[in-house]
1. Could you work out the local net charge near ILE35, counting Lys and Arg as +1, Asp and Glu as -1, over the other residues with Cβ closer than 10 Å to its Cβ?
2. Quick one: net charge of ALA19's neighbours, Cβ under 15 Å, K/R +1, D/E -1?
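Bear in mind that the values in this text are calculations on the coordinates, not laboratory data. Since this is a predicted model, take the numbers as computed values, not measurements. Cβ coordinates were reconstructed from backbone atoms using ideal geometry, including for glycine residues, and neighbour counts include every protein chain displayed.
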Amino acid sequence: MADTRRLETPDWYIEAEKAHYATRDPITALKKYMIENNLASEAELRAIEKKIDELVEDAVEFADESPAPSRNQLLENVFADPRGFGIGPDGSYRCEDPKFTEGTAHV
């Protein structure tokens, strides 16, 4: 049996990695820049963050309460395929047509 202790990442490493990437966070850098250059105050930025959190929460609530989309809507506005992937005039997915993948490699 393998010694799993050797495979675990030490906590100090995880914290160091988080700190490293936190210094490179573009959102944090933009906030700092805006405050340093008097483009926004900390209070204004907190108000913006609060508004964003509310919008995201409302969107999640809306999604949770919405009915599941019908099968013919699942791929709408998801893919753009030059070969015409999508929904055919009969309501079926074009990719379900056996001829759709003719000439392509199958794994």
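1. Values: positive: LYS31, LYS32; negative: GLU36, GLU42, GLU44.
Spelling it out: positives minus negatives among the neighbours equals -1.
2. Numbers: positive: LYS18, ARG24; negative: ASP11, GLU15, GLU17, ASP25.
In short, -2.
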